[in-house]
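Visitor: Below you will find the structure I want to go over with you.
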Amino acid sequence: MIKRVRSWLNRGDSQPELQLAADNIPEHVAIIMDGNGRWAKKRGMPRIIGHQNGMKAVKRAAIAADDLGIKILTLYAFSTENWKRPKEEVEFLMKLPQEFLAIELEELIDKNVRVTMMGHPEDLPSHTLEAMKEAVARTADNDGMVLNFALNYGSRKELTRCIQEMGQDIHRGSLKPEDITEEMIGSRLLSGSLPDPDLLIRTSGELRLSNFMLWQLAYSELWFTDILWPEFTGAHLQEAVAEYQHRTRRYGGLT
């Protein structure tokens with residue numbers, strides 16, 4: 001079965017359709033949302049204006065993902081390293097989840113979207129954490145697309161804590177080293193029961209993972225674009241999925 005979606009990448013009169021195989025839509029797409037500051041700088045605006053416009057791109061991406069039949073959309077919203085940024089910018093970024101959910105939560109509920117969060121909550125301001133907790137609680141019974149925010153997330157910290165916890169279990173005698181499996185490690189990570197991403201998208205032309213889901217992305221397909229995050233549209237997501245469908249996933253084996 002072919003899913004036909006119209007691409008708005010072509011700014012001319014003709015708008016070619018992308019033909020996507022409905023049976024080969026990535027189940028889990030993760031996005032490193034990069035380029036807000038550069039988008040603002042190009043326009044002579046403060047960085048926070050870029051972050052505000054990036055929030056609009058979050059909604060566009062979520063709508064497009066749901067329309068395409070993507071089951072899980074994970075967005076890298078704030079990393080454990082982002083605390084190094086200027087205090088004013090960090091404070092503004094910490095207000096964005098509250099602002100976004102105040103506007104969009106009712107629509108997310110109407111669309112049967114389930115909001116989840118992975119990260120280290122102990123470092124988050126109370127207003128940020130409470131906004132996320134409310135969204136998670138109010139959408140907990142929804143069984144549509146999962147919108148997973150990676151907030152104060154860092155993969156090395158995640159893996160370090162996982163190893164520490166297993167070490168404590170070994171010390172207590174409740175776990176034997178030989179019983180540790182890849183599946184056990186995966187289940188103890190912050191992504192929990194979510195399947196690993198099939199496709200990773202990074203905007204703004206940067207070609208690195210930036211401490212994002214290092215274990216989970218082991219066999220994900222990677223798609224990089226020069227588009228800055230505030231410019232990201234549903235058409236760009238369609239383009240990434242179309243490229244994904246032209247790749248062969250071999251997981252180290254042969255076809």
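The values are calculated or read from the model by the stated rules, or taken from the named source; none is laboratory data. As the structure is a prediction and not an experimental result, all values here were calculated from the model. Every residue, glycine as well, gets a Cβ built from its backbone with ideal geometry; the counts of neighbours run over all protein chains shown.
Visitor: Under 6 Å between Cβ atoms, which residue pairs at least 6 apart in sequence (or on different chains) link something in the range 8-27 that is at negative phi and modelled with pLDDT of 90 or more with a partner that is surrounded by fewer than 11 Cβ atoms within 10 Å (Cβ to Cβ) and in a loop (DSSP other than H, G, I, E, B)?
Guide: Close Cβ pairs satisfying both conditions: Ala22/Met1.
Visitor: From the list Ile63, Ile103, Ile70, which residue is hydrophobic (A, V, I, L, M, F, W, C), modelled with pLDDT of 95 or more, surrounded by fewer than 14 Cβ atoms within 10 Å (Cβ to Cβ) and out of contact with any Ser or Thr (no Cβ under 7 Å at 6 or more places or on another chain)? It would help to see each step written out before you state the result.
Guide: Values: Ile63 fails: surrounded by fewer than 14 Cβ atoms within 10 Å (Cβ to Cβ); Ile70 fails: surrounded by fewer than 14 Cβ atoms within 10 Å (Cβ to Cβ).
Being hydrophobic (A, V, I, L, M, F, W, C), modelled with pLDDT of 95 or more, surrounded by fewer than 14 Cβ atoms within 10 Å (Cβ to Cβ) and out of contact with any Ser or Thr (no Cβ under 7 Å at 6 or more places or on another chain) holds for just one of Ile63, Ile103, Ile70, which is Ile103.
Visitor: Right, another one. Scan the range 76-84 and tell me whether some residue there is over 18 Å from the mean Cα position of the chain (by Cα) and farther than 21 Å from Asp196 by Cα.
Guide: Quick first cut of the range 76-84, residues over 18 Å from the mean Cα position of the chain (by Cα) only: 83-84.
This time we only want the ones that are farther than 21 Å from Asp196 by Cα, so: 83-84.
For the range 76-84, residues over 18 Å from the mean Cα position of the chain (by Cα) and farther than 21 Å from Asp196 by Cα: present.
Visitor: I need the full set of residues from the range 73-100 which are of a type in the set (Val, Ile, Thr) and surrounded by 19 or more Cβ atoms within 10 Å (Cβ to Cβ), in order please.
Guide: Here is the first cut: in the range 73-100, the ones of a type in the set (Val, Ile, Thr) are 74, 80, 90.
Selection gives Thr74 alone.
Visitor: Considering the range 119-145 alone, what residues qualify as being closer than 20 Å to Ser191 by Cβ and small (Gly, Ala, Ser)?
Guide: Listed by number, the residues that qualify are Gly119, Ala135, Ala137, Ala140, Gly144.
Visitor: Next question, about the same structure. Just to be sure I understand the filter: pairs with C-beta atoms under 9 Å, separated by 6 or more residues or on different chains, first member in the range 159-184 and of a type in the set (Lys, Arg), second member at pLDDT 95 or above and surrounded by 12 or more Cβ atoms within 10 Å (Cβ to Cβ). Which pairs pass?
Guide: Final answer for the pair search is Arg161/His120; Arg161/Arg188; Arg161/Leu190; Lys176/Ile170.
Visitor: Has the range 112-121 got at least one residue that is over 24 Å from Ile70 (Cα atoms), over 16 Å from the mean Cα position of the chain (by Cα) and part of a helix (DSSP H, G or I)? Talk me through it step by step, then tell me what you get.
Guide: Filtering the range 112-121 for residues over 24 Å from Ile70 (Cα atoms) gives 120-121.
Then keep just the ones that are over 16 Å from the mean Cα position of the chain (by Cα); that gives 121.
Subsequent filtering for residues that are part of a helix (DSSP H, G or I) retains 121.
Yes, that holds for at least one residue.
Visitor: Moving on. Kindly indicate whether Lys95 is basic (Lys, Arg) and under 30 Å from Asp23 (Cβ atoms).
Guide: For Lys95, the condition - basic (Lys, Arg) and under 30 Å from Asp23 (Cβ atoms) - is not met.
Visitor: Related question: Please name all residue pairs, on different chains or six or more residues apart, with Cβ atoms under 7 Å, provided the first residue is in the range 208-232 and is more than 15 Å from Gly35 (Cα to Cα) and the second residue is among the aromatic types (Phe, Trp, Tyr) and in a loop (DSSP other than H, G, I, E, B).
Guide: Short answer, once both residue conditions are applied: Tyr219/Tyr251.
Visitor: So, in the range 63-87, exactly how many residues are touching a residue at least 12 places away in the same chain (Cβ under 8 Å) and among the charged types (D, E, K, R)?
Guide: 4
Visitor: Of these, Gly192, Gly234, which one is within 28 Å of Leu108 (Cβ to Cβ) and touching a helix residue (DSSP H, G or I) at 6+ places or on another chain (Cβ under 7 Å)? Working first, answer last.
Guide: Values: Gly192 fails: touching a helix residue (DSSP H, G or I) at 6+ places or on another chain (Cβ under 7 Å).
It is Gly234.
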